[in-house]
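Okay, structure first, notes after.
Nothing in this text is a laboratory measurement; each read-out follows from the coordinates by a stated rule. From a predicted model like this one, the values you see are computed outputs, not experimental measurements. Because the Cβ atoms are built from the backbone with ideal geometry, glycine has one as well, and the counts that use them run over all protein chains shown.
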Amino acid sequence: MNNIFTILYRALTYGENWWFTVLNYVVLLVVLIPFWTTKLKITVKKWWVVLLVSFVIQAVFWFVLRVQGISIIWNAMLGLLLFYIFRFRLKRNKTDYPIVFTICIALAADVYFAFIAPLITTIAHISAILLVIVCALIIIGKKDKQQ
């Protein structure tokens, strides 16, 4: 049991790297804010499913691969924000500047990690973003065909 808590502690604190810990939790908070405060909570009703699934995937990585952090979670939510902007907003020539600002902050964090972290970190970030976008396209595509 002690091993489980050790793995969780190291995973959630980036091995006690407090700079990475604070940075990642701030970015997670930033990418979640639009889902609570904007039109997204009406348009993207099941955003919490993406949050939950990405958390489960991240947790599996903590225990199986012994990775640290929560960046898969906030990158999955970033993927959902990107999908929303490109699918719903640009199509109508409308821009949600708070969401664009949020996307810019998260992408800046990804660029930062691309420079300082191992390549596998960048691959994981891009994979999380693309996974959500592809899944959203498949789900929306099925809904479009049904209508």
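Normalised by the number of residues in the chain, what is the relative contact order in percent for Cα pairs under 8 Å and 6+ residues apart?
Relative contact order here is 27 percent.
Would you kindly derive the ³J(HN,Hα) couplings of region 102-110 from the backbone phi angles with the Karplus curve 6.51 cos²θ - 1.76 cosθ + 1.60 (θ = phi - 60°), listing them in order in whole Hz, with x for Gly and Pro?
For region 102-110, the Karplus curve yields 4, 4, 4, 4, 5, 5, 4, 5, 4 Hz.
May I ask you to evaluate 6.51 cos²θ - 1.76 cosθ + 1.60, the Karplus curve with θ = phi - 60°, for each residue of region 50-65 and list the ³J(HN,Hα) values in order in whole Hz, giving x for glycine and proline?
4, 4, 5, 5, 5, 5, 4, 4, 4, 5, 4, 4, 4, 7, 7, 9
Please check the chain for the longest run free of trypsin sites (Lys or Arg not before Pro) that are loop-located per DSSP (anything but H, G, I, E, B) and have at most 12 other Cβ atoms within 10 Å.
95-147
Compute, for region 2-146, the length of the dipole vector about the Cα centre, with Cβ point charges of +1 (Lys, Arg) and -1 (Asp, Glu) only. Units Debye, rounded to 20.
I would put it at about 820 debye.
What's the FRET efficiency of residue 108 with residue 12 using the Cβ-Cβ distance as r and R₀ = 30 Å, to the nearest 0.05?
So the FRET efficiency works out to roughly 0.85.
For the residue pair residue 4 and residue 64, what label-to-label distance in nm results when each label sits 7 Å from Cα along the Cα-to-beta-carbon direction?
My value for the distance between the label points is 1.9 nm.
Remind me, what semi-axes does the chain give for its equivalent ellipsoid, largest first in whole Å, using sqrt of 5 times each Cα gyration tensor eigenvalue?
With the √(5λ) rule applied to the chain, the semi-axes are 28, 17, 13 Å.
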